[in-house]
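To start, the structure under review is shown below, and the notes come after it.
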Amino acid sequence: MSGIQAALIGSGALVGLGVFLLLRAVLVVEQPRLTDALARLDGRSAAAPTLPLTQAGDRWGRIAGRAGTWAAGRLPAAGPRTPAQTLALIGWTPEGYAARKVGLAAFGALFVPLLTAVLGATGVRLPAAVPVAGSLALAGVLFLVVDLVVRDQAAEARGQMRRALCSYLDLVSLRRDASEGPTIALERAAALGEGGVFRRIADALVTARLAGEPPWDGLRRLAADTGVGELADVADIAVVAAQEGASIAPTLRARASSLRVQLLAEEEAAANTASEKLTAPVALLSIAFLLLFLYPALARLLAT
């Protein structure tokens, strides 16, 4: 093996490893540690103190440090700014968001010149405009890919909140059947559940109580921060119970049932859309298989 071939193989391996690490850091959601998951199943708290999701889960924000803070303060001037509420919903900090965008853009700007240098070592010469235009285009595309990732993960997080809200509504209705007041029912139902959604609801209720506000104001604030309008519906139902003393347990159960039907309809629509997207590739594969199957007969027919 010549030195040029060894250099090409090494450069290709490094580039592939860099692409894999960058995409994994951006697209893959960090999984919880096994010890923490087992501790929650056993009803015990983890040994290490847990930090908020925006502080503990964003590795890019911790790695960027002051550079990420500097970039986050100047990034809005270069393009549209992603709302901080959306970033908090998926567990990203503004520093981590800026580090992802700048890091991927820098990788895109360096990848094409590196590839051009590798091709040049093999004797393939490209005009100077090709690597310049390619690096700018790839940097711009990767810079915008982060916004698409944020949008998709935020939509998935809102869907998880809606699914957990169905269980929360059932728990509140059971508390109301036990003759508990609206405020107590909302807080105790949030304390019964596990997971990030119930913790968010419990934190919102505690914040409202410490601020001297009714709990439904905390739910409305959480609905505005996360974009989940169904939380505001729960707040409106609780207001009716507090002001008029009405029995809202049947209303809560009906709202949970209607929300489940809505979520099921959305999942069925998404499944149908995914199935329709597979129609064209399957048809093309069928045509290709048919041509491959008929090629020997057609070749003999044309040869005669």
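The values are calculated or read from the model by the stated rules, or taken from the named source; none is laboratory data. Small disclaimer: the values here were computed from a predicted structure and weren't measured. Methodologically, a virtual Cβ is constructed for each residue, glycine included, from the backbone with ideal geometry; neighbour enumeration extends over all protein chains shown.
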statement: Restricted to the range 80-129 and to residues being over 14 Å from the mean Cα position of the chain (by Cα) and of a type in the set (F, W, Y), the residue farthest from M161 (Cα to Cα) is F111
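Here is a yes/no grid of residues against (1) under 15 Å from S173 (Cβ atoms); (2) within 32 Å of the chain's Cα centre (by Cα):
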{"residue": "R220", "(1), (2)": "no, yes"}
{"residue": "A224", "(1), (2)": "no, yes"}
{"residue": "V228", "(1), (2)": "no, yes"}
{"residue": "V234", "(1), (2)": "yes, yes"}
{"residue": "A241", "(1), (2)": "yes, no"}
{"residue": "S247", "(1), (2)": "yes, no"}
{"residue": "R253", "(1), (2)": "yes, yes"}
task: Hand me the list of helices (runs of 4 or more DSSP H) wholly inside the range 186-270 holding 2 or more residues that are in contact with a Gly (Cβ under 7 Å, 6 or more places away or on another chain), modelled with pLDDT of 85 or more and surrounded by 19 or more Cβ atoms within 10 Å (Cβ to Cβ).
output: 196-210
statement: Within the range 124-139, the count of residues that are under 13 Å from F111 (Cβ atoms) and either of a type in the set (G, A, S) or in contact (Cβ under 8 Å) with a residue 24 or more places away in the chain (or both) comes to 6
